[in-house]
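What follows is a single structure, written as structure tokens, with notes after it.
Bear in mind that the values in this text are calculations on the coordinates, not laboratory data. Source: prediction; values computed, not measured. Heads up, the Cβs are rebuilt from the backbone with ideal geometry, glycines too, and the neighbour counts pull from every protein chain shown.
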Amino acid sequence: MRQTIWPVLVVAVMIASSSKTRGQDSGVVQTPQKRESTCHLEFSLNELEDGKKLNVRHYTMNLTGGNTKELKIGTRGPIETESGKFQYIDVGTNIRAHIYGKEDAPVLDVWVEVSNFANPEQGTRGAVQPLLRQMVISGTPQIIFDKPMIVGSVDDPNSKREYQLEVTATKLR
């Protein structure tokens, strides 16, 4: 029985060392996993009237490609939908951003919502629920690094004001 085991063990060791050597000489180079690029995004929400800037709100975030990030600034308040039953709504500024595409031609998918309570004189008299105003700007521009890009703009229906969303992306790595 010993005479049968030794040749089998010798052949097994030769096969194992042969395949290990073949794997090293096969020319297969393992590359490190690709790291997604990270960008610093600067958002400017510009309020204009007759072409002149009246106000600017600034928001920033760092975002890694392939991920979605969201900023929420504001108030979360209850609204009574039925007697004794409440639904919560967010009032304020919400920004959602996602970067995708090729590293040499990334695309920014951005969505911004700004909402606020209307002035009492703009609301419906006798209404129990508050009147809300809302503005949404979204777009998917190809990123041009280190240059401001206008994603979109909307006119205020109650005035001569225009709101513009501007984004500047800086590559961090």
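Key figures
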{"quantity": "Estimated vicinal HN-Hα couplings, Hz - segment 89-99 in sequence order (Karplus 6.51, -1.76, 1.60; Gly, Pro = x)", "calculated": "10, 9, 10, x, 10, 10, 10, 10, 9, 8, 10"}
{"quantity": "Residues with amide H under 5 Å from that of Gly152, placed H, sequence gap 5 or more", "calculated": "Leu165"}
{"quantity": "Residue among Ile95, Gly74, Phe43 farthest towards the positive dipole end of segment 38-171, charges placed on Cβ", "calculated": "Gly74"}
{"quantity": "Of the GluC sites (Glu not before Pro) in segment 37-126, those whose Cβ has at most 15 other Cβ within 10 Å and which sit in DSSP loop", "calculated": "Glu103"}
{"quantity": "Amide hydrogen neighbours beyond the local backbone of Ile143, cut-off 5 Å, H modeled", "calculated": "Val107, Leu108"}
{"quantity": "Segment 38-171: C-alpha gyration tensor shape, a/c 1.5 cut-off, then a/b vs b/c", "calculated": "oblate"}
